[in-house]
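The values are calculated or read from the model by the stated rules, or taken from the named source; none is laboratory data. Not measured: the values here are computed from a predicted model. Every residue, glycine as well, gets a Cβ built from its backbone with ideal geometry; the counts of neighbours run over all protein chains shown.
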Amino acid sequence: MFTERLSDVYEHRGLLWILVVRNIKIRYKRSVLGFFWSLLNPLFFIAVYSTFLKLLSVKFRTDDPLYLPMLVIGIFVWQFMALCLGDSLYAVVGNSSLVKKAAFPRVILPISMVLANLLNFLLSLIILIGYLLIIDADFSRLYLLPLLVLTQCALCLGLSLIISALNVFFRDIEHLLGVLLLAWFFLTPIIYPFANIPDEYQRLSFLNPMTGIVTAYRMVFLTTDIMAPRLATMSMGIAWITCIVGLIVFEWLQPRFGEEL
């Protein structure tokens with residue numbers, strides 16, 4: 001099933017590219033600076049967090065010189081995933097006329113949305129790497145970055161497939177997603193170090209794929225040690241399983257899209 005679907009997507013690669021470009025244009029429609037916001041937003045994030053962490057009293061070990069870089073990396077990584085899931089709500093619903101009238105693999109819709117956000121994320125990584133160069137970070141593990149980005153894309157695609165398909169049938173997903181993302185954000189060690197998680201919950205936390213992914217990004221950019229390499233690998237393995245489950249769910253539900261939209 002997967003090889004056949006992959007072949008269908010490749011045959012419609014022209015449509016896929018058109019949708020990716022359209023998604024990017026929609027995001028920056030009526031914006032004076034347009035695509036340059038992909039570079040400016042990361043700069044603003046770094047500036048804001050740098051300023052406020054200096055003003056705040058010691059919280060979450062903000063006296064640690066690595067705290068700000070770890071926080072910035074976590075925020076950048078999280079933002080990519082959150083944008084994908086937010087956009088996935090309308091990947092199918094927002095293209096109802098196309099779904100009803102044209103014959104093409106529907107899976108292209110969430111894929112194009114993830115690819116559009118991936119392009120923004122890669123541009124933001126340029127700013128992030130520039131920032132880390134300023135603070136003299138060690139990039140000896142940067143060769144692992146492509147595999148890590150691919151793993152996060154797998155997680156984003158899997159969840160986007162599930163959300164985009166379910167939102168066709170249950171519009172309550174639109175109202176639930178914000179709350180679920182907020183809870184997930186605080187369950188992921190982004191604004192606090194992984195070491196702050198109580199010992200009895202540290203193993204359990206790696207069932208959250210974003211824990212392994214965020215930890216791995218910090219390891220790549222800051223050469224920090226991963227406290228539990230096997231658990232981090234398992235956590236990222238869950239990301240790939242999520243992608244497979246997402247494809248199965250989407251394929252199961254997509255024949256009924258036309259009648260529900």
> Of the conditions (1) out of contact with any Gly (no Cβ under 6 Å at 6 or more places or on another chain); (2) modelled with pLDDT of 85 or more; (3) more than 25 Å from A137 (Cα to Cα); (4) of a type outside the set (D, E), M210 fails just one. Which one is it?
Replying inline: (3)
>> I want to confirm something. Restricting to the range 208-248 and keeping residues that are hydroxyl-bearing (S, T, Y) and closer than 19 Å to F186 by Cα, which single residue is surrounded by the most Cβ atoms within 10 Å (Cβ to Cβ)?
In response: T215
> Are there any helices (runs of 4 or more DSSP H) wholly within the range 158-258 with 3 or more residues that are farther than 30 Å from Y131 by Cβ and under 22 Å from the mean Cα position of the chain (by Cα), and if so which?
Replying inline: 173-187, 229-253
>> Being surrounded by 20 or more Cβ atoms within 10 Å (Cβ to Cβ) and in contact (Cβ under 8 Å) with a residue 60 or more places away in the chain is true for just one of L144, L161, L181. Which residue is that?
In response: L161
> Before we move on, is V114 at pLDDT below 90 and either closer than 25 Å to L253 by Cβ or in contact with a strand residue (DSSP E or B) (Cβ under 7 Å, 6 or more places away or on another chain) (or both)?
Replying inline: no
> Of all residues in the range 146-193, which are closer than 17 Å to A232 by Cβ and polar (S, T, N, Q)?
Replying inline: T151, Q152, T188
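Quick check: is even one residue across the range 150-158 surrounded by 16 or more Cβ atoms within 10 Å (Cβ to Cβ), in contact (Cβ under 8 Å) with a residue 60 or more places away in the chain and touching a Leu at 6+ places or on another chain (Cβ under 7 Å)?
Taking the range 150-158 and keeping what is surrounded by 16 or more Cβ atoms within 10 Å (Cβ to Cβ), we get 151-158.
Restricting the remaining residues to those that are in contact (Cβ under 8 Å) with a residue 60 or more places away in the chain gives 151-152, 154-158.
Now narrow it down to the ones that are touching a Leu at 6+ places or on another chain (Cβ under 7 Å): none.
No, because not a single residue in the range 150-158 is surrounded by 16 or more Cβ atoms within 10 Å (Cβ to Cβ), in contact (Cβ under 8 Å) with a residue 60 or more places away in the chain and touching a Leu at 6+ places or on another chain (Cβ under 7 Å).
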> What residue, of M234, M210, M219, is farther than 30 Å from L6 by Cα and either acidic (D, E) or touching a Leu at 6+ places or on another chain (Cβ under 9 Å) (or both)?
Replying inline: M219
> Given the structure, is R171 charged (D, E, K, R) and crowded, with 16+ Cβ neighbours inside 10 Å?
Replying inline: no
>> Can you list the helices (runs of 4 or more DSSP H) lying wholly within the range 7-97 that have 3 or more residues being at pLDDT 75 or above, hydrophobic (A, V, I, L, M, F, W, C) and surrounded by 13 or more Cβ atoms within 10 Å (Cβ to Cβ)?
In response: 13-27, 67-88
